[in-house]
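Colleague: Starting off with a structure, shown below.
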Amino acid sequence: MKRNRSFRQYLLIYLAAVVGVFALAASIYELRNERNYKKVILQTRLEGYADRVALLGAENASFAEEVRITILEADGTVVYDSDEPDLASDHSTRPEIVACSEGNPGWAIRHSQTEGRDYCYLAKKNGDCIIRVAVPYEVDLKHFLRPNTIYIVLGVLMLLAVLFILGRAMLRSYKSLEDALEDVENEKQTNKRLKREMTHNIAHELRTPVSSLRGYLEALVECDDIDEDRKKLFTQRAYLQSLRLSDLLRDIGLVTKIEESPEQIKKERLSLYDIVSDVLDEFSEKMQARGIAARNDVPDDLEIDGSPSLVYAIFRNLVENSCKYAGKNVTVVISAEKAGDEVQVRYYDTGTGVPEDMLDRIFERFYRIPGKSSEDYRDDVGSGLGLSVVRNAVAFHGGTIKAALRKEGGLEFDFSLSEN
């Protein structure tokens, strides 16, 4: 938090410096423009005085302010001066005389040695002579040429306003960035935690079938006096544990691929009816042994764009769950219909269902309902990943899934699959 506060302070100082430099440059530019504008006004006024002298003559021209009039020859020799200084003096080196050219008046603000005070001078050609007019550069005129302090005040106020607005906007943006980075960091930590949990769960789930498999095989290898019936039992149970291990590895592979490398999963045009039929064929013996009747109500012309392995995994895991946990002499029904760009699928069985308070948890990884198993599957309780695979596979196809208990008994799954 302290580092964040220091960064905010640095950000505000940097912003203030940038805005300050910009405002200072803008103020200097504006003040210079204002001074030049006032200078042009004064030059225009003095040029008007010079034109009046040229029109009326030096003796007849009158002005509302103190104006000094000097008429010079082209070489700078003074022939007339309203203040009657030394007429023989040479003014050819005066800045305003030097700057004066044909059609362009000369201008200067300088100290007059003859008068002993500062003047604003303007010299303008008039035929073969030069007319120079000057006004004292005193308090009023200096004030006129001085930049208006209101611009400075307004500039400072605008600087403060801009700094305040930009500061708030930048701090708000920084806060949003902080929140986004915090969310990313939290997501990273959550992902790390989930990966640790999944690794732990995988190790735990693998340990059970591997230990059982090893125990049965060790008994078969090391015990020579085992009778044939017990050997057959151990062999069958070892086989069931190997199937459980194979299913677990298959489901882990599917979940990992969906979550970490979805771009590698290819889609193709699929017949939903054919996939459901293939799954029911795979489990036909197990369903017959359990007295489970299955009905495929999917239209035979219904197609979607999807991953063959993932769509197959959806129905395989649902049917397998019904075989394991729904009970005997139940019915499984699978139906689907097109709804816009999606296909709405309904899967249900008429079995024992699950406790209502556990409906929200059945899609969690490695979650198994306590005591929920059948006699035929007591040695093959499942990986606990089946419905997690179903949820992820449905999400991969742009759909959602929810589970509900049926009033008539049993468990129902409603989900959607995008047709595009």
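Colleague: Classify the stretch 265-418 as rounded, prolate or oblate from the Cα gyration tensor: take a ≥ b ≥ c as the square roots of its eigenvalues, call it rounded if a/c is under 1.5, otherwise prolate when a/b beats b/c and oblate if not. Display every interim value, and only then the final one.
Modeller: Values: a/c = 1.63, a/b = 1.41, b/c = 1.16.
Since a/c reaches 1.5 and a/b is larger than b/c, the shape of the stretch 265-418 is classed as prolate.
Colleague: Using unit Cβ charges (K, R positive; D, E negative) and no other charged atoms, how large, in debye to the nearest 20, is the dipole of the stretch 221-329 about its Cα centre?
Modeller: Values: 16 positive and 23 negative charges, 70 e Å.
Rounded to the nearest 20 debye, it is 340 debye.
Colleague: Highest mean first, what order results for 297-303, 397-403, 228-234 on Cβ atoms within 10 Å? It would help to have the intermediate numbers written out before the result.
Modeller: On the way: 297-303: 14.4, 397-403: 16.9, 228-234: 12.0.
Top to bottom by mean Cβ count within 10 Å: 397-403, 297-303, 228-234.
Colleague: Taking the mean number of other Cβ atoms within 10 Å as a proxy for protection, how do you rank 259-269, 115-125 from highest to lowest?
Modeller: Ranking the peptides 259-269, 115-125 by packing returns 115-125, 259-269.
Colleague: Considering amide H positions built from the backbone, and no H for Pro or chain starts, which residues 5 or more places from D118, or on another chain, come under 5 Å of its amide H?
Modeller: S112, Y137
Colleague: Here is a further query. Quick check on my link table: of K286/K402; K266/K402; K232/K402; K192/K407; K324/K402, which ones sit more than 30 Å apart, alpha carbon to alpha carbon?
Modeller: K232/K402; K192/K407
Colleague: So, counting K/R as plus one and D/E as minus one, what does the shell of residues with Cβ under 11 Å around E96 add up to?
Modeller: +4
Colleague: Still on this model: Pulled fully out, how much extra length does the chain show between L55 and S211, if you take 0.36 nm times their separation in residues and subtract their Cα-Cα distance?
Modeller: Working it through step by step, the gained length comes to 43.9 nm.
Colleague: For the ranges 178-186, 54-62, what's the packing order if you count other beta-carbon atoms within 10 Å of each residue, average per peptide, and put the highest first?
Modeller: Final packing ranking: 54-62, 178-186.
Colleague: Let me ask something else about it. Please give the net charge around L310, taking every other residue with its beta carbon less than 11 angstrom from that of L310, where Lys and Arg add +1 and Asp and Glu add -1.
Modeller: Result for the neighbourhood of L310: +4.
Here, each number is a calculation from the coordinates, and none is a lab measurement. Bear in mind that the values here come from a model prediction, so they are computed numbers and not experimental data. In this analysis, Cβ positions are derived from the backbone assuming ideal geometry, glycine residues included, and neighbour counts consider all displayed protein chains.
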